[in-house]
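Shown next, in structure tokens, is the structure this report addresses.
All of the numbers you see were taken from the coordinates with simple rules; none came from a lab. Here the structure is a predicted model, which means the values were calculated and not measured. Don't worry about glycine lacking a Cβ; one is built from the backbone with ideal geometry, like all the others, and counts go over all protein chains shown.
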Amino acid sequence: MTSNSTARHDAVPAWSVWLTRWPGSAIAFLWGFAEGTLFFILPDVPLSLAALYRPRRALVQVIAIICGAVLAGAVMFFWASHSPSARLAVAHVPLVRSAMFQRSEADYARFGIWAVSLGPIRGIPYKVYAIEAPGHCSLGTFMLVTIPARMMRLLVVWAVFAAAGLALRAFRCRSVAPVLHVLVWIVVYAVYWAKVR
């Protein structure tokens, strides 16, 4: 009786199966695109939840997010190349600060196109680098560099949450995964908000 109860308590919820199949991948692609343009919540949030339950399937979401980000980068690059309204729109995105534009320009001047990969370290959204990119490289080059630049952070997030999920499974307490997931991202965004405000 205790064994059956523990098994039920530690069972993988049905919604996690849905999240790690094609609907989840579609959401990941759209979220990657949205965050690369004018949305401010990272696609790492749904990715990390999927990785807690099904790490191998969550890798498909990494690919989907990168594809969405590449498309978003192309849109923002093209927009910024033709209109100053792109910079103004990004400047009004929550948690984007004017100093980020200056820092991204300095990064481009120092590191060239690979400045894009510094976003996670600097706490500067990808969209900021995207609209500053036309003055430093071609669209094709920017899209190619976007792939490894986005992949690095996503794989780190995937690995951390995949390891956490395996640990929860080993200790038969996977039922706390959603609560753990929410708490982690509340803390992450609270720290980030305190840093950029």
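Once R0 is set to 35 Å, what does the formula 1/(1 + (r/R0)^6) return for the Cβ-Cβ distance between R172 and I63, expressed as a FRET efficiency to the nearest 0.05? Could you put the intermediate results ahead of the total?
Numbers: r = 31 Å, r/R0 = 0.89.
Step by step, r from the Cβ atoms, then E = 0.65.
Against the main long axis of the alpha-carbon atoms of the chain, helix 44-53 sits at an angle near 20°. The angle between the Cα long axis of helix 177-196 and the main principal axis of the chain comes to about 30°, on a 0 to 90 degree scale.
About its Cα centre, how strong a charge dipole does the chain have in debye, to the nearest 20, once Lys and Arg get +1 and Asp and Glu get -1 at the Cβ?
Values: 18 positive and 6 negative charges, 93 e Å.
Its charge dipole is roughly 440 debye.
Could you sort the peptides 51-62, 149-160, 74-85, 22-33 by per-residue average Cβ neighbour count (10 Å cutoff), highest mean leading?
Numbers: 51-62: 21.4, 149-160: 18.1, 74-85: 16.0, 22-33: 19.6.
Peptide ranking by packing, descending: 51-62, 22-33, 149-160, 74-85.
Its residues counted as N, segment 86-197 yields a C-alpha radius of gyration over 2.2 N^0.38 Å of 1.29. Coordinate range of the alpha-carbon atoms in segment 143-197 per principal axis, descending: 42, 30, 11 Å. Spin-label pair W18-Y192: with each label point 7 Å from Cα along the Cα-Cβ axis, the two points sit 2.6 nm from one another.
With respect to the chain, whose longest principal axis is taken over its alpha-carbon atoms, helix 139-170 is tilted by about 20°.
Counted over the chain with a bin width of 10 Å, the fraction of Cα pairs per bin, in whole percents, is 9, 34, 31, 17, 7, 2, 0. Working from label points 7 Å from Cα in the Cα-to-Cβ sense, the V179 to A163 distance is 2.4 nm.
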